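Chemist: Could you have a look at this structure, given as structure tokens, before my questions?
Derivation of every value follows stated rules applied to the coordinates shown; laboratory data play no part. A quick note: this is a predicted structure, and the numbers were derived from the prediction, not measured. FYI the Cβ positions are ideal-geometry reconstructions off the backbone, even for glycines, and counts take in every protein chain you see.
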Amino acid sequence: MEFVASIMDTVFRPLKDYFARTFGYVMSCGDYIDALGHEMDELKSKRDDVKRMVDTAERQGMEATSQVKWWLECVAKLEDAAARVDAEYQARLQLPPDQAAGVKATYLLSQKADEMRTEATGLKEKGAFHKVADELVQVRFEEMPSVPVVGMDALLQELHACVRGGDVGVVGIYGMAGVGKTALLNKFNNEFLISSHDINVVIYIEVGKEFNLDDIQKIIGDRLGVSWENRTPKERAGVLYRVLTKMNFVLLLDDLWEPLNFRMLGIPVPKPNSKSKIIVATRIEDVCDRMDVRRKLKIECLPWEPAWELFREKVGEHLMRASTEIRHHAQELAMKCGGLPLALITVGRAMASKHTAKEWKHAITVLKIAPWQLLGMEVDVLMPLKNSYDNLPTDKLRLCLLYCALFPEDFSISKDWIIGYCIGEGFIDDLYTEMDEIYNKGHDLLGDLKIASLLDRGKDEEHISMHPMVRAMALWIASEFGTKETKWLVRAGVGLKEAPGVEKWSDAERIGFMRNNILELYERPNCPLLKTLMLQGNPALDKICDGFFQFMPSLRVLDLSHTSISELPSGISALVELQYLDLYNTNIKSLPRELGSLVTLRFLLLSNMPALEMIPGGVIDSLKMLQVLYMDLSYGDWKVGESGNGVDFQELESLRRLKAIDITIQSVDALEKLSRSIRLAGSTRNLLVKTCASLKKIELPSSNLWKNMTNLKRVWIASCSNLEELVIDGSKETDPSIVLPNDFLQRRGELVDKNQPILPNLQGVILQSLLKVKIVYKGGCVQNLSSLFIWYCHGLEELITLVDEEQETATNEGEQAPGICKVITPFPNLKELYLHGLAKFRTLSGGTCMLRFPSLESLKIVECPSLKKLKLTAGELNEVQCTRVWWDELEWDDEEVKASYEPLFRPIH
């Protein structure tokens, strides 16, 4: 019986349990839901404990183990599923009895809750971890693809010194596109950083123009072994910061276009003496400054020797076996690349299969006129450069850059020159009232282009230059990417003897033929779209046919300077839109009456035109829009009352918009008239007083003659045969007869500080062919004078003469050389002194005084045979320019003085 009972129990117990469980699922659904909730509460409590341990580990630079990550993911999934089961049960409780769930639905819900409870129990048991996190595992270094770099050894060493030095945390590398910034970073990574055993990790990121902070965080996180699931950018930044602060890292950020916010990324800025470093590479210098870079390295284009080496390598060995003619052409092509590695590589590869001299010569022509036609140039060189152009923030900057391409290659462009053109074209508007402010805006635009690595410094701070490849890019853009090659018809500095035929002018918007050998313009072009015509620098050009300008209705800028034309052609009145006319250094003798029809003219440049003798009455008076009029070393026969025979001075005074004037004056009446005209005097920049026989004495700086000339920069006095004294008297800055409240005087309608110096902007004085003149010192100084040129003043015996009554009292700064003479400082900021052709000049400092020049840097002495000693105090002097013969004949008080001057000698011939 027991055997039978055992069999019955074995067979029927599962059925009994099944029916009991089934009955329970149907009748006790709430119990199963409650059991699941209780088990889930315990599991979630366990989960919270594990997460706290994980967070603590992560703050210490560790990361959760894979097992813990899997467990947390399973708990999260089960929690969501349990919440849905409970929500379904609660919803059923709200149903009316007639809509209650059926037996099957109740059974399935209870079954699901029971299975989940079992799963929660299992997860709870598995949540007892021996450890929850491990140290991060990151890739220490990654070797980057690199190419051989030429001519960068010194820069690599300098970069290495910056990284090894403790005082710089963030290093910036900047330079134009294609100059080798990426190649430098890759080589630095591969050769210098990989061997640095004290660096934990080096991370290279090519940021690019369309950078994304999330992508940058992910790249860094992947290298550090950090996972980002279910983390916000702010949380990721916190993790990165905690990890990176505990290691020595080097972060290489290449191709930056905008500053990065290190704080938002989670990148700690290395502190002084830290081994961690951040190196950023960009085309835009300003990006470095806006990221608080403490050391900037500019990558320049290659000098000739390494540039030629790189070019030869890309052409191939056959170049060295080629003819002398081909090698000569190859050198010319390489030079036209301007030392830019990307251009040298591209052009070199394009010429690798060229084996005849004619092919090479043709390539030179193409590179001059249409460089985009050379194989590979458009894609490999011009497009990368265009990215910098596209990144410029305004159309004004883009137009200003394109305008610079009108000048020849390797030309140092005067900033004021290009700014004047841009004002004439309308690129720089009249938002500002003062001409200096308008020009300052132009200087700011050019500065922005330099910051963007699209322009370079010229021969000095007042000039800019354009790299040949940037110029090629600009002309490519201006020609609508090579599809309209005559839209900007530029043949500057290419040796033209004849201008291109007028059929090529018809679609042109800008034409640049400057610095050629054009002899004559004998055709009448039809250029309805032409805005700028630059013909300057054709010294043999002496004839322009009548009617030449008849069909240029849109012309705004015309430059005929530095040509030999003696008259303007008839029909110039047709230039109804002309804003800028430059006739500087031409042979024009008379301005045509037609010029008065140019009523929109804003710039009229007539300087250095000594042949100009005739200006018809009413011409100047008609130019009501004129803002700039330059006429120094030019026409000066102004009529004042009954004095003079030329243009009535009243015509100048009628120019209400005039903001800047350079003027030549030939009579005392005209000079006084100018000084009394508040508007004209205040607009005067350069003043030339010449052949003024009645002028016997002139005083600087505090004469009433100058009180309105607040913007005067240079005074040039020439061939005034009866001028006897130039008086330096800065002891009084105001007219004592004028008394205003609060110790102010009124000037130009404003209250001005009585202590403000007269002639605050005077920088240069030129004295030329003044046979009787002496420079007489009474006291004070000419405060801001930086250059003094004295030429062919044959009666001048000493630089400064003290008047007798002042010799006992003039102490200037209260300084006296013991037992010898007074020490005076008439020109405290003078940097340049040039003495030329002074037959009787014998001393810089007379017996009664010693001159002190605290700022003097350059002294030039030519044809001063009576000057035997250098007697002056000039602590900043760094050169004395003179002939070897004169230098060798100088007399010295002792050998010590001679030895102190010897290093300053600079021979001239």
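Chemist: Full extension from N190 to D48: what is 0.36 nm times the residue separation minus their Cα-Cα distance, to one decimal in nm?
Modeler: Extra length available between N190 and D48 comes to 46.6 nm.
Chemist: Related question: Using alpha carbons only, how many angstrom separate the centre of region 346-395 from the centre of region 448-488?
Modeler: 14
Chemist: Structure shown: which of K187/K271; K696/K840; K44/K131; K589/K639; K459/K504 lie over 27 Å apart, alpha-carbon to alpha-carbon?
Modeler: Distance filter (> 27 Å) returns K459/K504.
Chemist: Give the distance, in whole Å, between the Cα centre of region 826-886 and the Cα centre of region 675-721.
Modeler: What the calculation gives is 25 Å, centre to centre.
Chemist: Here's another thing I want to ask about it. Once a ≥ b ≥ c are taken as the square roots of the eigenvalues of the Cα gyration tensor of region 396-467, is the result rounded (a/c under 1.5), prolate (a/b larger than b/c) or oblate (a/b not larger than b/c)?
Modeler: It comes out prolate by the Cα gyration axes.
Chemist: Does region 657-727 come out rounded, prolate or oblate by the C-alpha gyration tensor, with a ≥ b ≥ c the root eigenvalues, rounded set by a/c under 1.5 and, if not, prolate when a/b is larger than b/c and oblate if not?
Modeler: prolate
Chemist: May I ask for the percentage of alpha-carbon pairs in region 310-356 that lie more than 15 Å from each other? Present the calculation step by step, with values, prior to reporting the outcome.
Modeler: Working: 344 of 1081 pairs.
Result for the distance tail: 32 percent.
Chemist: Between A81 and V269, what length comes free when the chain is fully extended (0.36 nm per residue of separation minus the Cα-Cα distance, one decimal in nm)?
Modeler: On the way: separation 188, 0.36 × 188 = 67.68 nm, distance 4.47 nm.
The A81-V269 span can extend by a further 63.2 nm.
Chemist: Right, another one. What is the Cα convex hull volume of the chain when expressed per residue in Å³?
Modeler: Looking at the chain, the number lands at 330 Å³ per residue.
Chemist: Next question, about the same structure. Is region 262-312 rounded, prolate or oblate when judged by the Cα gyration tensor, a ≥ b ≥ c being the square roots of its eigenvalues, rounded requiring a/c under 1.5 and prolate requiring a/b larger than b/c?
Modeler: prolate
Chemist: Let me ask another. Debye sum, Cα scatterers, region 633-692, no solvent: what log₁₀ I/I(0) at q = 0.12, 0.21, 0.22, 0.28 1/Å?
Modeler: -0.23, -0.76, -0.84, -1.38
Chemist: Cut-off under 17 Å on the C-alpha distance; same-chain residues fewer than 8 positions from K415 excluded. Which aspartates and glutamates are left, in chain and number order?
Modeler: E425, D429, D436, E437, D444, D448, D456, D460, E461, E462, D559, D582
Chemist: List the lysines whose Cα sits under 16 Å from the Cα of K822, skipping any in the same chain fewer than 8 residues away.
Modeler: K822 reaches K778, K871.
Chemist: Sorting check: for 296-308, 484-496, which peptide has the highest mean count of neighbouring beta carbons within 10 Å, and how do the rest follow?
Modeler: Highest-to-lowest ranking by the protection proxy: 484-496, 296-308.
Chemist: Related question: Kindly provide the helix-only [θ] at 222 nm of the chain, computed as the sum of -39,500 (n - 2.57) over DSSP H runs of four or more divided by all residues, to the nearest 500 deg cm²/dmol?
Modeler: That comes out to -10500 deg cm²/dmol.
Chemist: I'd like the FRET efficiency for S506 and S566, computed as 1/(1 + (r/R0)^6) with the beta carbon distance as r and R0 of 25 Å, rounded to 0.05.
Modeler: 0.30
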